[in-house]
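Note sheet for the following structure.
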Amino acid sequence: MIRLNSKFNKEQLSLIVSKSRKYRIFYALLFKYYEINTEFFTELPKFSGSLITNFTKILNVSRLISIPSESVLNAYRLEIRDYFGSNKSLAEELVQNYIFNILPTQSSFDIDTNNVINKKKKNKIESIHSLDRIINSSINKYETN
């Protein structure tokens, strides 16, 4: 069960209530999940009942979570990325540049994945599902150069 903070600032709340009443809870969950994880869920996770209850009170909507169409979902993702200043298309390049910068300072080619993940979160880089591949590719390019 996923627990998220149910607090929104005025700007966030304004963004959420601008959505159709039918999708407000979904959008709020997607928004908060992204805020914490810098990635979007692909299937609706199990959220705590108290979170859903808090959202229904804040947003003045029912507990029913309606999932929007793919086109609406894509628009929501784009809007949330813009709000947090993240950029999916640059994610791989930014991670690769980070690795290129740390490799000369290390005595080996062992890259701590946790450091890369922390750097991603700090720089609002959306999660990459092939992080190991990017690390290995970066090391290979570094060695080649």
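The values are calculated or read from the model by the stated rules, or taken from the named source; none is laboratory data. All values reported here derive from a predicted model rather than from experimental measurement. Cβ atoms come from the backbone with ideal geometry, glycine included; neighbour counts cover every protein chain shown. Side chains are part of the model used for accessible areas, which takes the heavy atoms of the whole protein and leaves out ligands, DNA and RNA. Shrake-Rupley method; radii C 1.70, N 1.55, O 1.52, S 1.80 Å.
Listing for the model above:
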item: Condition met for residue 132 (at negative phi, at pLDDT below 80 and surrounded by fewer than 11 Cβ atoms within 10 Å (Cβ to Cβ)); result: no
item: Residue in segment 5-22 that is farthest from residue 37 (Cα to Cα), counting only those that are open to solvent by less than 30 Å² (accessible area, probe 1.4 Å) and not in a helix (DSSP H, G or I); result: 19
item: Residue among 36, 67, 52, 25 that alone is without any contact (Cβ under 8 Å) to a residue 60 or more places away in the chain, buried (at least 19 other Cβ atoms within 10 Å of the Cβ) and either in contact with a Pro (Cβ under 8 Å, 6 or more places away or on another chain) or among the β-branched types (Val, Ile, Thr) (or both); result: 25
item: Options 73, 94: the member that is free of Cβ contacts under 8 Å to residues at least 60 places away in the same chain and open to solvent by less than 50 Å² (accessible area, probe 1.4 Å); result: 73
item: Conditions (1) surrounded by 15 or more Cβ atoms within 10 Å (Cβ to Cβ); (2) at pLDDT 80 or above: number failed by residue 127; result: (2)
item: Unique match (being more than 28 Å from residue 116 (Cα to Cα), hydroxyl-bearing (Ser, Thr, Tyr) and either at pLDDT below 90 or touching a Phe, Trp or Tyr at 6+ places or on another chain (Cβ under 7 Å) (or both)) among 86, 71, 48; result: 48
